[in-house]
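S.K.: Before I ask anything, let me first share the structure, which is written out below as structure tokens.
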Amino acid sequence: MPTFRRVFVENSYVFITVAINNRKRQLLTDYISEFRLALKAVQQKFKFNIHAIVVLPEHFHMILKPQNITEYPRIVSLLKINFTKSLPNDLRLELSREVSLSKV
């Protein structure tokens, strides 16, 4: 698992960029409804405000302000999990075959 250096400054904004595994796919725009539902599900578990979001076919950028700054890694993780689980099962199976051995 990667070791990230994270800075937690209370009452601050966080800029996040998340890219999907295969950047040739357009999952975020093809399944934008599922992405929105995943985001709403995360907002029900954690308190945070979204100040800006840009969703592109293979990645997204977001500026958020979490109520508790130490929760932003969990917010991102849960968003990724919820979105992935919302995809059709056959697509998830197909995507699992695209993961390289080093990522497994």
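S.K.: Out of all the residues in segment 1-32, which are free of Cβ contacts under 8 Å to residues at least 24 places away in the same chain and open to solvent by less than 70 Å² (accessible area, probe 1.4 Å)?
M.R.: Ile32
S.K.: Any residue that is within 13 Å of the chain's Cα centre (by Cα) and open to solvent by 90 Å² or more (accessible area, probe 1.4 Å) - is there at least one of those in segment 61-80?
M.R.: Yes: one or more hits.
S.K.: Scan segment 44-62 and give yes if some residue there is part of a helix (DSSP H, G or I) and touching a strand residue (DSSP E or B) at 6+ places or on another chain (Cβ under 9 Å), otherwise no.
M.R.: no
S.K.: Tell me which residues, restricted to segment 45-57, are open to solvent by less than 60 Å² (accessible area, probe 1.4 Å) and over 18 Å from Phe15 (Cβ atoms).
M.R.: Residue satisfying the conditions is Pro57 alone.
S.K.: Quick check on my filter: what residues within segment 81-104 are open to solvent by 40 Å² or more (accessible area, probe 1.4 Å) and either part of a loop (DSSP other than H, G, I, E, B) or among the aromatic types (Phe, Trp, Tyr) (or both)?
M.R.: Residues satisfying the conditions are Pro88, Arg97, Glu98, Val99, Ser100, Leu101, Ser102, Lys103, Val104.
S.K.: Give me the residue from segment 19-43 that is in a helix (DSSP H, G or I) and over 18 Å from Ile81 (Cβ atoms) and, out of that set, farthest from the chain's Cα centre (by Cα).
M.R.: Per the stated criteria, the residue is Asp30.
The values are calculated or read from the model by the stated rules, or taken from the named source; none is laboratory data. All of these numbers come straight from a predicted model, not from anything done at the bench. We place every Cβ from the backbone using ideal geometry, glycine too, and count neighbours over all the protein chains shown. Note: areas computed on protein heavy atoms with side chains; ligands, DNA, RNA excluded. Shrake-Rupley method; radii C 1.70, N 1.55, O 1.52, S 1.80 Å.
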